[in-house]
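Written below as structure tokens is the structure these notes are about.
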Amino acid sequence: MAQRRKQRDWTKVRIVLVGIVFFLALGALWARAFWVQIYKGPALAAQARDQYWTEQTVRGLRGEIVDREGRLLAQSVAAQSVFARPQKIAKPKEVAAHLAPILRVDTAKLERSLRSTSSFVWLARKIGDPMAKAVAEAQLPGIFLTEEQDRYYPQGHLAGQMLGFTGVDNNGLEGVEKTFEDRLKGRSLKIRMQRDATGRLLDGQGLDPALAKGQDVRLTLDTWLQGVVEESLSKVVKKYEGRYGTSLAIHVPTGEILAWAQYPFFNPNEFQGSRAAVWRNRPALDVFEPGSTIKPLLVAAALEEGVCAPADTFSCENGRWRRWGHTFKDTHAYKELTVSEIVKYSSNIGAAKIGLDLGVARYYRYLRRLGFGEPTGLPLPGEGSGILPEPGKWRQVRLATSSFGQGIGVTMLQLAQAYLCLANDGVRIPLRLVHSPETSSTASRQVFSRSTARTVQEMMRQVVESNGTGTRARVSGLTVGGKTGTSQKASPQGGYGNTYVAAFVGFFPAISPEYMIVTLVDEPRRNHYGGVVAAPVVREVAQKMAAAPHFALQFKTNTSTETVSHKSTTIRPKRHVAKKAVPPVQQGVMPDLTGASLRRAMELAHAYGQMPVLKGQGQVVVKQYPAAGRQANTKRWTLWLKPAS
């Protein structure tokens, strides 16, 4: 009995201990819950949200570049890019072997990218839709597609060098794209994006694309005329095997540049595969000696200063004149020429003598007033200033050679700016390339009197119309004025080599011009004279402009002047030409255009989506290809012309 009393009942003790343990465990749980819910709650909730939501900075679409009529020249479009999250790729070698053929990249290089320690790796940027579809269908672990912006130039190579291009991150790198980067680029907005468990972005909240889009830029270019000038320029560069060619078309009263052409062409859509020499914006950057194109400007200065008169004569020394240890030469052995004939026949000796009479100070002053020696101020990156030495560095021999365009350097824009002054009755107005936004420009100023400018315009008319050096710029029914230029290029070894620049400046109508074309071909091999190589561009462009209803041109006829209005297709008064009625557009059937006016034929061609090849001179179609009744759109049209009777 005593032994039983000594045994204690441990049941109650166990119950108490279990209760204590349970209480402590419950207290720990409550403490943990307090820690998680109250103390760490906000931070953990934010961490949970970050697993499914993220804040991203998104840039709006880049603004568009359009021509004067709103036709698209550059726009932004959606493109797919491929990226990887290497930490999610367990077997990078297998993934690389599967993905490399789709992306058309080296397998070993791709595998190295997939083994990167970075959390994000670009694999391919802005790929085509077929490639993006193949990547999506492969469903490879750790490989994702995302949408980016890509810059697209719907007109292809049209004005490619002047437009410039953007880089892979859609920032402007050249041309108008670079100049107006701040205006064109989209605004950056922060938006909330939801993502799934793999980290893939799902959608955006509260993003209005219109709010972030960049502003547009509207140029003065005319897309139709740009195509015409590019085609004409490419023909002469290829025909005469030139290194490159450039051409500008300008509306004289406003200074607006309607076409900015270069050949070889440059397609901004393919800039990564192009050489810098191809995308170089040569009219703004390249400097060349103007050669004989400087002579009308020299003569205008001499006339303005009263140094000479149009009928004054100068001895041209039978084509050879030796002074100061130098021999000056003409292409023909002229004895005496009037000032007008010096321009008409492009006498170097006659121009040198006029320049010597004018003197360094006055000649230099007019060159500066015309804009030589400084950029024109067009909104383009890196525009050249040319080479115009200070007058204190000129000797008599430099004055003589500069009078026929040697020893000074100009850009094509500077030459166009100077001739724009002459064509605009002596008033210098700025060249314009951009309609909107408005860009700062210099005020107009009178450089030559109206009388002087009109006198030189008449001299330039004789260059083309009266058997001068520019006869290949003639257009039947239209008066054209112009000046040829053939400048020998300096040799790297010193002096002048055996390569040339062929140039021609033409405007029409010849007196009080409406339009001007400036053309240059560098190092033509088959012929190097500006009147042979470059002048035909003016003729072909003028012919096609004459037939286009949206250009206003005046034509000389036997009894009256015909005005083609850009606002109306009415021609007043009618010519004495038997015009054949041309049937309306039929389904793919070639109309009979023989006997029709060139203007009407071009209207029909445009309706069929054709840009005909024009052969011969005149305003009436005498022959056509394809023949009437044949399929209209299987071949490019060719029209043969004759003058109006």
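Just name the residue that is surrounded by the fewest Cβ atoms within 10 Å (Cβ to Cβ) out of those in the stretch 245-268 that are among the hydroxyl-bearing types (S, T, Y) and within 17 Å of A416 (Cβ to Cβ).
The residue in question is T254.
Hey, among D182, D169, which residue is assigned to a loop (DSSP other than H, G, I, E, B) and surrounded by fewer than 21 Cβ atoms within 10 Å (Cβ to Cβ)?
On the way: D182 fails: assigned to a loop (DSSP other than H, G, I, E, B).
One residue alone meets the criteria, D169.
Looking only at the stretch 289-302, decide whether some residue is among the β-branched types (V, I, T), assigned by TED's automatic domain parsing to the domain that holds M412 and in contact with a Phe, Trp or Tyr (Cβ under 6 Å, 6 or more places away or on another chain).
Checked against the condition, which is being among the β-branched types (V, I, T), assigned by TED's automatic domain parsing to the domain that holds M412 and in contact with a Phe, Trp or Tyr (Cβ under 6 Å, 6 or more places away or on another chain), the stretch 289-302 yields no hits at all.
Considering only residues that are at negative phi, outside any strand (DSSP E or B) and at pLDDT 80 or above, which ones fall in the stretch 618-638?
Matches in the stretch 618-638: P626, A627, A628, R630, W637.
With respect to G199, is the statement that it is modelled with pLDDT of 90 or more and either small (G, A, S) or assigned by TED's automatic domain parsing to the domain that holds Q87 (or both) true?
no
Is it the case that G245 is within 17 Å of V505 (Cα to Cα) and in the same structural domain as R282 (by TED's automatic domain parsing)?
Values: within 17 Å of V505 (Cα to Cα): yes; in the same structural domain as R282 (by TED's automatic domain parsing): yes.
It is true that G245 is within 17 Å of V505 (Cα to Cα) and in the same structural domain as R282 (by TED's automatic domain parsing).
Within the stretch 474-482, is there a residue that is among the charged types (D, E, K, R), in the same structural domain as S247 (by TED's automatic domain parsing) and under 18 Å from A416 (Cβ atoms)?
The answer is no, given that none of the residues of the stretch 474-482 is among the charged types (D, E, K, R), in the same structural domain as S247 (by TED's automatic domain parsing) and under 18 Å from A416 (Cβ atoms).
Using the structure shown, decide if W260 is aromatic (F, W, Y) and part of a strand (DSSP E or B).
yes
If you take just the helices (runs of 4 or more DSSP H) that sit entirely in the stretch 357-457, which of them hold at least 2 residues that are under 30 Å from D222 (Cβ atoms) and touching a strand residue (DSSP E or B) at 6+ places or on another chain (Cβ under 6 Å)?
Hits in the stretch 357-457: 412-423.
Within the stretch 105-125, is even one residue modelled with pLDDT under 85, surrounded by 15 or more Cβ atoms within 10 Å (Cβ to Cβ) and either assigned by TED's automatic domain parsing to the domain that holds N267 or within 30 Å of E181 (Cβ to Cβ) (or both)?
Checking the stretch 105-125: not a single residue is modelled with pLDDT under 85, surrounded by 15 or more Cβ atoms within 10 Å (Cβ to Cβ) and either assigned by TED's automatic domain parsing to the domain that holds N267 or within 30 Å of E181 (Cβ to Cβ) (or both).
Say we look at the stretch 75-95 and pick out the residues that are more than 30 Å from T166 (Cα to Cα) and among the aliphatic types (A, V, I, L, M); which of these is surrounded by the fewest Cβ atoms within 10 Å (Cβ to Cβ)?
Taking the candidates together, the pick is A90.
Please verify whether Q462 is at pLDDT 95 or above, on the phi < 0 side of the Ramachandran plot and under 31 Å from the mean Cα position of the chain (by Cα), treating the condition exactly as stated.
It is false that Q462 is at pLDDT 95 or above, on the phi < 0 side of the Ramachandran plot and under 31 Å from the mean Cα position of the chain (by Cα).
The values are calculated or read from the model by the stated rules, or taken from the named source; none is laboratory data. Values in this document were obtained by computation on a predicted structure and should not be read as measured data. All Cβ positions, glycine included, derive from the backbone under ideal geometry; neighbour counts span all protein chains shown.
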